[in-house]
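First comes the structure, then the notes that go with it.
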Ligand code: SF4
């Protein structure tokens, strides 16, 4: 997993609340055998609508999703996070995330940053008046920034300390366990020789 | 204070423990199949990681392989892609694979024990909930998700919070004709599907000790159906005799060292379980399910219950919904329920003893008009053994379909499925809505009940069969 300290990218306004995992990626797209390629299924039901925000050229390269409250409810499918990442999103901002989605995001390296709804509204207004405008998300200082001068927006976001540490260090669960390599090797050296092997 | 069997096995596998963190457990054997492994391998690739211990890893193709025409390319594109992906991954990462057509291919939980890879005191995981089957040997064995599969592939360990322990003591002996399947269905009806939640369960007592290894596997297999994390049975002479001489069993001095250790794997007399359940085997009878979860079961001699038979409002509602789905009326004698398809197979009841029992009952009988009987061996070895004993001829003579090895109609991922509203008597482990095919209706039964049901066309036990002159031994 790559280290995450700060990210600046095009903000995409998703003016919807309760976006569940079936809307993020419908079940019919789950048949793949890889962790990549799920971008085609991202928001599949809405992508056919030419007015949908991802179909507008200004937002096509977006990497910071500004979503309504209760984002990621529904099933536990990890594919929802993979689909957002495969599309190119690095950050999702919302005033409330479903717990499992937030957990899956932290494990996979997608930053789910919780800001208050007033900030979401301000960011929506900003990226809609200036399509293609960038948003900066700074994990070190836990702040989100956009705009300049009188239009400047700056707000803090919430993320638990453990997830923040893992993202800053670029550690997934496996990375953390591999940090105990010495313990694993020591254990292996003491295993009885009669234990079965497959090769 | 002494330790329980589960605590002994657990403690022997702790690589690292720290206050406030789950234990890091070493995994002795990691089993893989085509459905839950592809994303795990892809995750390794994306992070540029290797499989840490290919020598403790084994893969087989089982969940969606066809049981007919298995020498031809798989027709269903999704199944074919998954199988081909497993083959590529196994080759790329150096993992031993038993593919379709290989003599060791079969259901992952049948293959491990028959190779002798499943041994007492091990930790065994697989991306499949019925991994609990391997607990029959006194191993801690449980199912894991795809992210955990990737974790085990990369590290050969798994962070795990230590579960509580429970003892299920089954006193007395099972009556003649009552099997391990009836025992475990009776237990689940007693506890409900959530009764084991959070526990590693140790099955013990006279009835358990009297079971063969294969019957013990049937019991442990269904641990997950009442919510247990894992289920295990202390190894004894029955266990050692089963393992001895198997291809991957320890040999010579290793065998002696292994058995000496295995003999220590018993719950100490002064150990304390967090919970205990006691049942009497001698009053058990053939047991079948009427509803849509494995806890909704009654004795074969009983009638279909109705909402009024339950106090709890949620049980009443669940009963109503289950009866509606199953197309059953409360008060109908279970024996009057007509069955379209009988499935003998799965990791619950697809081993050689199961097929012998089925053949013994079917000998000289014919499958009822309008009923189909599918016999699906759990592995190619089981199939070959059955053919060496002539069991296939008995099945075919009775009018059954004798198939190739795999999960088959247990979960209907391959073409072996129920049609909507078709009713089955199945020796598998799950009667969930749609499990065996969209709209299909499943009654979980033992092997003898399955065989007798195939002959009569309604849920039956061998005692209901009119004796024939042929093969009456
Ligand atoms: S036989 Fe059924 S329960 Fe067993 S591994 Fe296959 S699908 Fe799972």
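The values are calculated or read from the model by the stated rules, or taken from the named source; none is laboratory data. Owing to the predicted nature of the structure, the values given are computational and were not obtained by experimental measurement. Virtual Cβ from ideal backbone geometry, glycine too; neighbours counted across all protein chains shown.
Scan segment B:15-29 for residues that are in contact (Cβ under 8 Å) with a residue 12 or more places away in the chain and either under 21 Å from residue B:265 (Cβ atoms) or surrounded by fewer than 22 Cβ atoms within 10 Å (Cβ to Cβ) (or both) and report the count. Explain how you work it out, then say what you get.
So in segment B:15-29, the residues in contact (Cβ under 8 Å) with a residue 12 or more places away in the chain come out as B:15, B:21-29.
Keeping just the survivors that are either under 21 Å from residue B:265 (Cβ atoms) or surrounded by fewer than 22 Cβ atoms within 10 Å (Cβ to Cβ) (or both) gives B:15, B:21-23, B:25-29.
Looking only at that region, the number is 9.
Of all residues in segment B:14-44, how many are in contact with a helix residue (DSSP H, G or I) (Cβ under 8 Å, 6 or more places away or on another chain) and more than 16 Å from the ligand (Cβ to nearest atom)? Outline the logic, then answer.
Just the residues of segment B:14-44 that are in contact with a helix residue (DSSP H, G or I) (Cβ under 8 Å, 6 or more places away or on another chain), to begin with: B:15-16, B:23-41, B:43-44.
Filter once more, keeping what is more than 16 Å from the ligand (Cβ to nearest atom): B:15-16, B:23-28, B:38-41, B:43-44.
Of the residues in that region, 14 qualify.
What do you reckon, is residue B:344 closer than 16 Å to residue B:221 by Cβ, within 15 Å of the ligand (Cβ to nearest atom) and touching a strand residue (DSSP E or B) at 6+ places or on another chain (Cβ under 6 Å)? Can you show your working first?
On the way: closer than 16 Å to residue B:221 by Cβ: yes; within 15 Å of the ligand (Cβ to nearest atom): yes; touching a strand residue (DSSP E or B) at 6+ places or on another chain (Cβ under 6 Å): yes.
When the stated conditions are applied, residue B:344 passes them.
Within segment A:104-126, which residues are part of a helix (DSSP H, G or I) and under 17 Å from residue A:3 (Cβ atoms)? Break it down stepwise before answering.
Initial filter on segment A:104-126 (part of a helix (DSSP H, G or I)): A:104-108, A:117-126.
A:105, A:106, A:107, A:108 - these are the residues of segment A:104-126 that are part of a helix (DSSP H, G or I) and under 17 Å from residue A:3 (Cβ atoms).
Could you look through segment B:51-72, keep only residues that are more than 13 Å from residue B:414 (Cα to Cα) and at pLDDT below 95, and pick out the one that is nearest to the other protein chains (Cβ to nearest Cβ)?
Keep residues of segment B:51-72 that are more than 13 Å from residue B:414 (Cα to Cα), which gives B:51-60, B:71-72.
If we keep only those that are at pLDDT below 95 too, we end up with B:71-72.
Working: B:71: 23, B:72: 21 Å.
It comes out as B:72.
Taking the criterion of being within 17 Å of the chain's Cα centre (by Cα), part of a loop (DSSP other than H, G, I, E, B), at pLDDT 95 or above and over 16 Å from residue B:339 (Cβ atoms), would at least one residue in segment B:431-447 satisfy it?
For segment B:431-447, residues within 17 Å of the chain's Cα centre (by Cα), part of a loop (DSSP other than H, G, I, E, B), at pLDDT 95 or above and over 16 Å from residue B:339 (Cβ atoms): absent.
Could you please tell me which pairs satisfy a Cβ distance under 8 Å, a separation of 6+ or placement on different chains, a first residue in segment A:155-180 that is within 14 Å of chain B (Cβ to nearest Cβ) and on the phi > 0 side of the Ramachandran plot, and a second residue that is buried (at least 18 other Cβ atoms within 10 Å of the Cβ) and part of a loop (DSSP other than H, G, I, E, B)?
That search, which allows pairs on different chains as well, returns A:170/A:4; A:170/A:109.
For segment B:235-260, how many residues are surrounded by 15 or more Cβ atoms within 10 Å (Cβ to Cβ) and within 12 Å of chain A (Cβ to nearest Cβ)?
9
Select, from A:127, A:137, the only residue that is in contact (Cβ under 8 Å) with a residue 24 or more places away in the chain, closer than 22 Å to residue A:68 by Cα and either at the interface with another protein chain (Cβ under 10 Å from one of its Cβ atoms) or within 16 Å of the chain's Cα centre (by Cα) (or both).
Working: A:127 fails: either at the interface with another protein chain (Cβ under 10 Å from one of its Cβ atoms) or within 16 Å of the chain's Cα centre (by Cα) (or both).
When all the criteria are applied, what remains is A:137.
Within the group B:323, B:328, which residue is assigned to a loop (DSSP other than H, G, I, E, B) and surrounded by 16 or more Cβ atoms within 10 Å (Cβ to Cβ)?
On the way: B:323 fails: assigned to a loop (DSSP other than H, G, I, E, B).
From the options B:323, B:328, the qualifying one is B:328.
So which residues in segment A:22-38 are more than 14 Å from chain B (Cβ to nearest Cβ) and at pLDDT below 90? Step through it out loud before you land on a result.
Of all residues in segment A:22-38, those more than 14 Å from chain B (Cβ to nearest Cβ) come to A:22-24, A:26.
Selection gives A:22, A:26.
Only one of B:425, B:419 is away from the ligand (no atom under 13 Å from the Cβ) and either modelled with pLDDT under 95 or assigned to a loop (DSSP other than H, G, I, E, B) (or both). Can you tell me which? Break it down stepwise before answering.
Working: B:425 fails: either modelled with pLDDT under 95 or assigned to a loop (DSSP other than H, G, I, E, B) (or both).
None of the others qualify; the one that does is B:419.
Suppose we filter segment B:143-172 for residues that are more than 22 Å from the chain's Cα centre (by Cα) and either touching a residue at least 60 places away in the same chain (Cβ under 8 Å) or more than 14 Å from every other protein chain (Cβ to nearest Cβ) (or both); how many remain? Give the derivation first.
Restricting attention to segment B:143-172, the residues satisfying the condition of being more than 22 Å from the chain's Cα centre (by Cα) are B:147, B:150-162, B:164, B:171-172.
Adding the requirement that they be either touching a residue at least 60 places away in the same chain (Cβ under 8 Å) or more than 14 Å from every other protein chain (Cβ to nearest Cβ) (or both) leaves B:147, B:150, B:152-162, B:164, B:171-172.
Of the residues in segment B:143-172, 16 are more than 22 Å from the chain's Cα centre (by Cα) and either touching a residue at least 60 places away in the same chain (Cβ under 8 Å) or more than 14 Å from every other protein chain (Cβ to nearest Cβ) (or both).
Considering each residue of segment B:294-304, count those that are buried (at least 20 other Cβ atoms within 10 Å of the Cβ) and part of a loop (DSSP other than H, G, I, E, B), and give that number. Quick ask: steps written out before the conclusion?
Kept after step one, since they are buried (at least 20 other Cβ atoms within 10 Å of the Cβ), are these residues of segment B:294-304: B:294-298, B:300, B:304.
After this cut, where a residue has to be part of a loop (DSSP other than H, G, I, E, B) as well, the list is B:294-296, B:300, B:304.
The qualifying residues number 5.
Scanning segment B:436-468 for residues that are under 12 Å from residue B:292 (Cα atoms) and surrounded by 21 or more Cβ atoms within 10 Å (Cβ to Cβ), which turns out nearest to the ligand (Cβ to nearest atom)? Break it down into steps so the answer makes sense when it comes.
Quick first cut of segment B:436-468, residues under 12 Å from residue B:292 (Cα atoms) only: B:436, B:439-444.
Now narrow it down to the ones that are surrounded by 21 or more Cβ atoms within 10 Å (Cβ to Cβ): B:436, B:440-444.
Working: B:436: 10, B:440: 14, B:441: 17, B:442: 12, B:443: 16, B:444: 12 Å.
Per the criteria, the residue is B:436.
Quick check on this structure: which one of B:367, B:375 is in contact with a helix residue (DSSP H, G or I) (Cβ under 6 Å, 6 or more places away or on another chain), closer than 21 Å to residue B:286 by Cα, free of Cβ contacts under 8 Å to residues at least 60 places away in the same chain and away from the ligand (no atom under 13 Å from the Cβ)? Write out each step before concluding.
Numbers: B:367 fails: free of Cβ contacts under 8 Å to residues at least 60 places away in the same chain.
When all the criteria are applied, what remains is B:375.
Which members of segment B:165-214 meet the condition of being within 16 Å of the ligand (Cβ to nearest atom) and either at pLDDT 95 or above or out of contact with any helix residue (DSSP H, G or I) (no Cβ under 7 Å at 6 or more places or on another chain) (or both)? Spell out how you get there, then give the answer.
If we filter segment B:165-214 for residues that are within 16 Å of the ligand (Cβ to nearest atom), which is where we start, we get B:180-181, B:184-185, B:188, B:193, B:214.
Correct list: B:180, B:181, B:184, B:185, B:188, B:214.
Taking segment B:381-416 on its own, how many of its residues are part of a loop (DSSP other than H, G, I, E, B), away from chain A (no Cβ under 14 Å) and within 16 Å of the ligand (Cβ to nearest atom)?
Number satisfying all stated conditions: 10.
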